[in-house]
Amino acid sequence: MSDVRVIIQRDSEREERVVTTGATAGDLFAGERAVVAARVAGQLRDLAHPLSDGDEVEPVEITSPDGLDILRHSTAHVMAQAVQELFPEAKLGIGPPIRDGFYYDFDVDRPFHPEDLGRIEKRMQQIQKQGQRFARRVVSDDEARAELAAEPYKLELIGLKGAAAESAEGASAEVGAGELTIYDNLDPKTGELCWKDLCRGPHLPSTRLIPAFKLMRSAAAYWRGSERNPQLQRIYGTAWPTRDELKAHLEFLAEAEKRDHRRLGVELDLFSIPEELGSGLAVFHPKGGIVRRVMEDYSRRRHEESGYEFVNTPHITKAKLFETSGHLPNYADAMFPPMQFEGQEYYLKAMNCPMHNLIFKARGRSYRELPLRLFEFGTVYRYEKSGVVHGLTRARGFTQDDSHIYCTKEQMPDELDGLLTFVLNLLRDYGLSDFYLELSTRDDSDKFIGEPEEWEEATEVLRQAAGKQGLELVMDPGGAAYYGPKISVQAKDAIGRTWQMSTIQVDFQQPKRFGLEYTAADGSRQQPVMIHRALFGSIERFFAVLLEHYAGAFPAWLAPVQAVGIPIGDAHVPYLQEFAAEARSRGLRVDVDSSADRMQKKIRNAQKAKVPFMVIAGDEDMARGAVSFRYRDGSQKNGIPRAEAIQEIADAVERRVQV
């Protein structure tokens, strides 16, 4: 039997090894339990993949991103097998891995119930313990259609090979541009077929190598993400390399659930999304309105200090404006349908930048006016599919803190440097501090407009500005806007989740499309550079991020009620009302609970409302002209003179600290 030479690649180390013909990737890593697949000649492969002479082979461990995807995709297949064994009429959709888990779609007669998920999970555990082998087979289109004749959705996927499959939601896990494959689940003792599915793979060698999983929930989902297609039932699950990691993930989810802004919005009476208005359209209640106003007022003041000029634009426009900007050809699917009147098509405003261009163009501009920094709290409307609308973080109507800076090319590097510093410092003022940057660039797609040289120049100047911040820079090829590259500020919250916050985009294209010009020092007409910048992204989304970051316990400067007076008895109410009036004269938000509830219930109510300061007064306090503080953490400070107590609240507000 002849020998085969292969190269084993581990990080920067390369090792040449000689194996016999027919050896598999698994043979190379025998005894390495963490290795669940291999990358052979740049392609992910099962460990059963036979090696060829000259192959470069890289082990894939279960804890790596690829390894986790393989684990979760394999678990999705086990779930689908369990579903079809328990519900024989179920037709298979798709079952890709997703962040932290997996899902699989099914066409069934009725939605799954919670008790169904319990039965499915129990059957999955039995399949896992059985140790069924995942075995890959290459099949022709006709063979696949014959074997999967009872699976209408799989038959549709067979016809989607290539680019169409790559672009269809989740379909790339099943079919791709290459050969069709079916994975058989085989009994480890007899080799008999237990179940099969159309799939690209790779998979774990055996179901026994699935260490820990749990089914989470079920929901309706349209086939391939289109509302024009049938509605299926989707089961979500999660899988991890160890039971401890699964436990930690479930604890994380429980904490995230406690912080869910939709839940806190109701509990704290901050906002609601009435059915009468429609999905993704929120109303802010008085307390939420206070938080929002404080956020906006502070941002407005900081912008004014930095030389921004405030503008205002309407909510609708003729279609021609978005044709000129290029948004209609590129973003029509994300815009609400046009309205027809007076022989014209009008669109709800989906973005503010075209209107800011009209403000720049309204009169002649001189180089002496640049950089011109326009800013607007501009409400926009975007048609988000019902399946992705999520509280305030993915809404259909929202207000952007939108800025567009017009400058010369020579001013661009310093402007971007100062702009990024301004953005990061302002986010820090709101309590976020753990950042990294993402640079989104163009790829070979035909969606991007403009000359490659312009893109290279814009990308490089963004890269240099990012480098000056000393933060990690992550590349995002293909993620740019159609008109230019962008930097996104990614921020981690209190429990380690990453949120995309501010975006900064360099645009050479819209000034060209709108014919924007300024008079240069030499009298020539020049085209300005346009920088797009949204600091919060949207006020609603930033509100939600802060609400979850603080778990509803806003720092005193943002809290809707900064202090609440709690009298020990009715006789102490007037005294606390005087205290509250004096505090309000200092601009503080102080209420007094004069209800008939007992003092302990008033304290509990204030704790539930997450009020930073509870101001308690009784006979002794009144006699001394003092009050007592009870803080959110349960600690207490007694006998504080009234003036000092008001000053402590004012200091906490001024310093923007958590108490």
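Here are some notes:
- Selected residue (only one of Ala30, Ala25 is under 22 Å from Arg136 (Cα atoms) and touching a strand residue (DSSP E or B) at 6+ places or on another chain (Cβ under 6 Å)): Ala25
- Some residue of the stretch 505-524 being in contact with a strand residue (DSSP E or B) (Cβ under 7 Å, 6 or more places away or on another chain), in a strand (DSSP E or B) and surrounded by fewer than 22 Cβ atoms within 10 Å (Cβ to Cβ): yes
- Candidates Arg99, Arg137, Arg110 - the one that is within 30 Å of Thr498 (Cα to Cα) and surrounded by fewer than 17 Cβ atoms within 10 Å (Cβ to Cβ): Arg99
- Entirely in the stretch 235-346, the helices (runs of 4 or more DSSP H) that have 3 or more residues that are under 30 Å from Ile94 (Cα atoms): 243-259
- Test: residue in the stretch 488-500 that is in contact with a strand residue (DSSP E or B) (Cβ under 8 Å, 6 or more places away or on another chain), basic (Lys, Arg) and open to solvent by 40 Å² or more (accessible area, probe 1.4 Å): yes
- If you go through the stretch 145-196 and pick out every residue that is at pLDDT 65 or above, open to solvent by less than 10 Å² (accessible area, probe 1.4 Å) and not in a loop (DSSP other than H, G, I, E, B), you end up with 8.
- Restricting Val564, Val592, Val573, Val627 to residues that are open to solvent by less than 50 Å² (accessible area, probe 1.4 Å), touching a Pro at 6+ places or on another chain (Cβ under 6 Å) and farther than 19 Å from Arg293 by Cα narrows the list to Val573.
- Residue list for the stretch 1-58, filter: β-branched (Val, Ile, Thr) and open to solvent by 50 Å² or more (accessible area, probe 1.4 Å): Val18, Thr20, Thr21
- Top-ranked residue in the stretch 461-491 [being within 20 Å of the chain's Cα centre (by Cα) and touching a residue at least 60 places away in the same chain (Cβ under 8 Å); ranked as farthest from Tyr430 (Cα to Cα)]: Ile487
- Per this entry, Arg428 is not counted among residues that are open to solvent by 40 Å² or more (accessible area, probe 1.4 Å), part of a loop (DSSP other than H, G, I, E, B) and free of Cβ contacts under 8 Å to residues at least 40 places away in the same chain.
- For Tyr406: the one exception among (1) open to solvent by less than 70 Å² (accessible area, probe 1.4 Å); (2) over 12 Å from Val529 (Cβ atoms); (3) of a type in the set (Ser, Thr, Tyr): (2)
- Residues considered: Glu456, Glu384. Of these, the only one that is open to solvent by 10 Å² or more (accessible area, probe 1.4 Å), at pLDDT below 95 and in a helix (DSSP H, G or I) is Glu456.
- Evaluation of Gly523 against (1) touching a residue at least 24 places away in the same chain (Cβ under 8 Å); (2) more than 13 Å from Thr408 (Cβ to Cβ) (one fails), failing number: (1)
Residue-by-condition table, conditions (1) touching a strand residue (DSSP E or B) at 6+ places or on another chain (Cβ under 6 Å); (2) buried (at least 16 other Cβ atoms within 10 Å of the Cβ); (3) modelled with pLDDT of 95 or more:
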residue	(1), (2), (3)
Arg263	no, no, yes
Val294	no, yes, yes
Pro314	no, no, yes
Gly326	no, yes, no
Asn330	no, yes, no
Pro338	yes, yes, no
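- Cβ-Cβ under 7 Å pairs, at least 6 apart or on other chains, the stretch 87-112 side in contact (Cβ under 8 Å) with a residue 40 or more places away in the chain and more than 21 Å from Thr238 (Cα to Cα), far side open to solvent by 10 Å² or more (accessible area, probe 1.4 Å) and of a type in the set (A, V, I, L, M, F, W, C): Val108/Phe87
The values are calculated or read from the model by the stated rules, or taken from the named source; none is laboratory data. Quick caveat: nothing in here was measured; it's all calculated off a predicted structure. A quick note on method: Cβ atoms are made from the backbone with ideal geometry, for glycine too, and the neighbour counts reach across all protein chains shown. Accessible surface areas use protein heavy atoms only, side chains included; no ligands, DNA or RNA. Shrake-Rupley method; radii C 1.70, N 1.55, O 1.52, S 1.80 Å.
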